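Before any comments, here is the structure.
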Amino acid sequence: MLMDTILFYLFAALVLGGGILTITRRNAVHSAIFLILSLLGVAGLYLLQSAEFLFAVQIVLYVGGIMVLFLFVIMLVNLDQAAKEKQFNRQWTVALACAGLVGAEIFYFLAKGAGAFQLAKGTAEANTGMGNTERLADALFSQYLLPFEIASLLLLVAVVGSVVMAKKRI
Amino acid sequence: MNAVPLSWYLTLSGVLFTLGAAGFLFRRNIITVFMSIELMLNAVNLSFISFSYAFRRVDGQIFTFFVMVVAAAEAAVGLAIILTVFKNRNTLNIDDLNSMKDEYQPAQPEEASETAPVSVP
């Protein structure tokens with residue numbers, strides 16, 4: 001019980017510290033490294049909520065795939081000039097108002113909806129005797145089969161599109 | 001059983017989403033703007049997982065899975081767009097990237113190689 005709370009605070013500090021440093025660092029490589037830290041914190045929170053499969057997917061796909069792609073692109077473009085410029089744009093007052101509005105809206109509805117959820121008692125794992133990955137696969141390949149196939153089509157389109165865009169002459 | 005209530009996770013998710021939105025609106029570097037989008041997607045994923053755990057249903061995790069697939073596709077296409085834009089315009093500043101046509105040139109190609117002028121408004 002206490003261990004869960006301590007781990008939650010640890011991962012939440014990782015997530016929020018990484019997020020704040022991601023959006024404030026001048027160097028884009030540092031931003032990417034702190035974003036990786038934040039994503040690892042989110043992965044830890046998944047594990048804390050017994051989503052073991054998505055914990056692995058988060059680390060393999062985000063940290064191992066997407067962030068490596070980010071770092072490759074950062075190294076391909078010239079960032080010396082971008083690091084010397086002003087980091088925040090001219091409309092920062094409007095941006096601050098908009099971000100504050102988004103945050104106020106989220107927390108207003110969170111406070112408004114407190115206690116509105118009928119939470120389940122007991123664990124589903126105990127009822128079915130299946131692990132997290134097994135239940136996920138069961139739902140993914142039966143109930144959500146059509147979205148799964150559409151997702152594969154989306155990935156194919158994305159691969160073809162990025163190759164077409166990155167080539168110099170087609 | 002988890003001792004941490006659902007509301008803590010939702011609050012964390014809200015703070016993370018607000019951070020992502022702030023980074024998206026504040027920053028001028030297009031790569032950092034892109035990373036802020038990833039932060040927002042992760043905040044939404046976290047709240048999906050929290051609801052999935054609180055309701056003891058697996059559907060939230062399925063949705064998180066699909067969000068991750070869309071994020072991967074979006075990162076691949078978006079980073080290809082960033083590379084193409086950088087090749088054509090030679091800048092990553094989103095204040096200079098306000099036209100989809102290739103009419104605005106911040107730096108001439110022959111002098112861009114040596115002393116690229118820093119375009120300060």
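Does the range A:79-89 include one or more residues that are in the same structural domain as A:ILE6 (by TED's automatic domain parsing), in contact with an Asp or Glu (Cβ under 7 Å, 6 or more places away or on another chain) and open to solvent by less than 20 Å² (accessible area, probe 1.4 Å)? Within the range A:79-89 (the criterion being in the same structural domain as A:ILE6 (by TED's automatic domain parsing), in contact with an Asp or Glu (Cβ under 7 Å, 6 or more places away or on another chain) and open to solvent by less than 20 Å² (accessible area, probe 1.4 Å)), the answer is no, since none of the residues qualifies.
Has the range B:58-65 got any residue that is part of a helix (DSSP H, G or I) and surrounded by fewer than 17 Cβ atoms within 10 Å (Cβ to Cβ)? Give the derivation first.
Restricting attention to the range B:58-65, the residues satisfying the condition of being part of a helix (DSSP H, G or I) are B:59-65.
Pick out the ones that are also surrounded by fewer than 17 Cβ atoms within 10 Å (Cβ to Cβ) and you get B:59.
Checked the range B:58-65: at least one residue is part of a helix (DSSP H, G or I) and surrounded by fewer than 17 Cβ atoms within 10 Å (Cβ to Cβ).
Filtered by the rule that a residue be within 11 Å of the chain's Cα centre (by Cα) and open to solvent by 10 Å² or more (accessible area, probe 1.4 Å), the range A:13-36 gives a lone residue, A:ILE36. Just to be sure, is A:VAL102 open to solvent by 60 Å² or more (accessible area, probe 1.4 Å), under 30 Å from B:THR91 (Cβ atoms) and at pLDDT 70 or above? So A:VAL102 does not fit the description; no.
Yes or no, residue by residue, for (1) open to solvent by 10 Å² or more (accessible area, probe 1.4 Å); (2) within 7 Å of chain A (Cβ to nearest Cβ); (3) under 13 Å from the mean Cα position of the chain (by Cα):
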site: B:TRP8; (1), (2), (3): yes, yes, no
site: B:VAL15; (1), (2), (3): yes, yes, no
site: B:ARG28; (1), (2), (3): yes, yes, yes
site: B:THR32; (1), (2), (3): no, yes, yes
site: B:ILE37; (1), (2), (3): yes, no, yes
site: B:LEU41; (1), (2), (3): yes, no, yes
site: B:ALA75; (1), (2), (3): no, yes, yes
site: B:ILE82; (1), (2), (3): no, yes, yes
site: B:LYS87; (1), (2), (3): yes, no, no
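The values are calculated or read from the model by the stated rules, or taken from the named source; none is laboratory data. Note that the structure is a prediction, hence the values are computed from the model and not measured. Using ideal geometry, Cβ is built from the backbone for each residue, glycine included, and neighbour counts are taken over all protein chains shown. SASA here: full protein model, heavy atoms, side chains in, ligands and nucleic acids out. Shrake-Rupley method; radii C 1.70, N 1.55, O 1.52, S 1.80 Å.
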